[in-house]
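Student: Below is one structure. I have some questions about it.
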Amino acid sequence: MALLYQLIRAVIHIRQLGVRRQLKVRMFASWLMVFLLKRYDATSRKCRLIGFEVNFCTYRMLAFLFNEIFIEQEYCFASDNARPYIIDCGSNIGMSILYFKLMYPQATILAFEPGEEAFSRLEVNIRNNHLRSVTLHKTALSSREGTLELYYDPDDPGCGIVSTRPDRLPRNSRTVQASRLSRYIDREVDLLKMDVEGAELEIIEELSNARKLHCIKQMVIEYHHHIPAKCDVLSQMLRLLENAGFGYQLGSHLKRPFQPERYQNVRIYAYQKQAIQEDTALGDCCSAHTTGSLARSDMSEISSACK
């Protein structure tokens, strides 16, 4: 009965996606084989997903990433640039990169991932899928150059929760290289994707101080609210974005019953208002194409799958 429920739920969810039918079929086939029938190589931790060969750390994390990125379309964005420049902060094993390359095959991607286990899989996934124009950096992003401590769970290799904040994951730590993101921004960025487990405010502040926020057209930021529990500084993040000319939309889920100081993920979609005004083709919707070009004639086919 549980399997039937999962099947019906997946069918309904995938049918509602604003992507072309061929891609829906490929997504459903991948979900059916890997996550319902569990057809994957458990020994080498490898599977096929939507035409990609994916090496993963844990099956549980793979399922989470596939649902979040491909089914929920958390990073779906519209661009009239067939070759968008994307900066991916917190790439983990590279599922977000595979998604971006599926939607925009000619995209240029700059990726950062400090986790040892995740980065090793990330390198393999980029190499084995022959992805071009992808540059990887095994470094944590910070407000300064040098080294810092990265906290991780040794019992959960490749877990998405690795953080430079000890109050996010007070477990083991290792010393990793740290860099300022601003030193890598020397051109217009079509999308900045950020999931850095509590370091997002520090990074945005560094970009603001370096006067690099104006180079970014759109952002998707996973804001980790209440790290630590009594810390309420979301307004600082939003004020930095407002001062740099960004509009934004917020999304989150409030657990019941309501409880003070509870940890919460807040997704921030931010966009340069001037850039949006100049490009009337960029609306609320996401790209429905899989060929990598978003011509204005295609805009009628774009649906609001990104929410």
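Student: Just give me the residues in segment 75-108 being of a type in the set (D, E, K, R), crowded, with 17+ Cβ neighbours inside 10 Å and either closer than 20 Å to residue 132 by Cβ or modelled with pLDDT of 95 or more (or both), in sequence order.
Tutor: 88, 101
Student: Name the residue, out of 264, 249, that is modelled with pLDDT of 95 or more and under 23 Å from the mean Cα position of the chain (by Cα).
Tutor: 249
Student: Continuing with this model, one more query. Residues that are over 23 Å from residue 185 (Cα atoms), in contact with a Ser or Thr (Cβ under 7 Å, 6 or more places away or on another chain), free of Cβ contacts under 8 Å to residues at least 24 places away in the same chain and in a strand (DSSP E or B): does segment 133-150 have at least one?
Tutor: No, that holds for no residue.
Student: Hey, another quick one. Let me spell it out: the conditions are (1) out of contact with any helix residue (DSSP H, G or I) (no Cβ under 6 Å at 6 or more places or on another chain); (2) not assigned by TED's automatic domain parsing to the domain that holds residue 161, and residue 108 meets all of them except one. Which number is the exception?
Tutor: (2)
Student: Tell me, yes or no, whether segment 225-232 has at least one residue that is in a helix (DSSP H, G or I) and either touching a residue at least 24 places away in the same chain (Cβ under 8 Å) or among the basic types (Lys, Arg) (or both).
Tutor: Checked against the condition, which is being in a helix (DSSP H, G or I) and either touching a residue at least 24 places away in the same chain (Cβ under 8 Å) or among the basic types (Lys, Arg) (or both), segment 225-232 yields no hits at all.
Student: Working only within segment 114-133, note down all residues that are crowded, with 23+ Cβ neighbours inside 10 Å and either within 12 Å of the chain's Cα centre (by Cα) or small (Gly, Ala, Ser) (or both).
Tutor: Across segment 114-133, the qualifying residues are 115, 118.
Student: With the condition kept exactly as written, say whether any residue in segment 18-40 is farther than 24 Å from residue 174 by Cα, part of a helix (DSSP H, G or I) and touching an Asp or Glu at 6+ places or on another chain (Cβ under 7 Å).
Tutor: No.
Student: Here is a further query. Do you know which residues across segment 141-178 are farther than 24 Å from residue 60 by Cβ, of a type in the set (Gly, Ala, Ser) and in contact with a Gly (Cβ under 9 Å, 6 or more places away or on another chain)?
Tutor: 178
Student: On to the next question. Residue check, residue 48 against (1) under 20 Å from residue 217 (Cα atoms); (2) basic (Lys, Arg); (3) not in a loop (DSSP other than H, G, I, E, B), all met but one. Which one?
Tutor: Failed condition: (1).
Student: Does segment 204-227 contain at least one residue that is at pLDDT 95 or above, surrounded by fewer than 13 Cβ atoms within 10 Å (Cβ to Cβ), among the basic types (Lys, Arg) and over 26 Å from residue 96 (Cα atoms)?
Tutor: Yes: one or more hits.
Student: Checking residue 214 against (1) farther than 12 Å from residue 112 by Cβ; (2) assigned to a strand (DSSP E or B), only one condition comes out false. Which one?
Tutor: Residue 214 satisfies every listed condition except (2).
Student: Of all residues in segment 234-262, count the ones that are surrounded by 13 or more Cβ atoms within 10 Å (Cβ to Cβ) and either part of a loop (DSSP other than H, G, I, E, B) or on the phi > 0 side of the Ramachandran plot (or both).
Tutor: 2
Student: Restricting attention to segment 76-102, and to residues there that are part of a loop (DSSP other than H, G, I, E, B) and touching an Asp or Glu at 6+ places or on another chain (Cβ under 7 Å), which single residue is farthest from residue 189 (Cα to Cα)?
Tutor: Checked segment 76-102; the qualifying residue farthest from residue 189 (Cα to Cα) is 92.
Student: Test residue 183 against the stated conditions and say whether it is modelled with pLDDT of 95 or more and surrounded by fewer than 20 Cβ atoms within 10 Å (Cβ to Cβ). Working first, answer last.
Tutor: Working: modelled with pLDDT of 95 or more: yes; surrounded by fewer than 20 Cβ atoms within 10 Å (Cβ to Cβ): yes.
Answer is yes for this residue.
Student: Among the residues of segment 63-72, are any of a type in the set (A, V, I, L, M, F, W, C), touching an Asp or Glu at 6+ places or on another chain (Cβ under 8 Å) and either over 27 Å from residue 176 (Cα atoms) or assigned by TED's automatic domain parsing to the domain that holds residue 250 (or both)?
Tutor: No: segment 63-72 contains no residue that is of a type in the set (A, V, I, L, M, F, W, C), touching an Asp or Glu at 6+ places or on another chain (Cβ under 8 Å) and either over 27 Å from residue 176 (Cα atoms) or assigned by TED's automatic domain parsing to the domain that holds residue 250 (or both).
The values are calculated or read from the model by the stated rules, or taken from the named source; none is laboratory data. Quick caveat: nothing in here was measured; it's all calculated off a predicted structure. Note: ideal-geometry Cβ built from the backbone for every residue, glycine included; neighbour counts use all protein chains shown.
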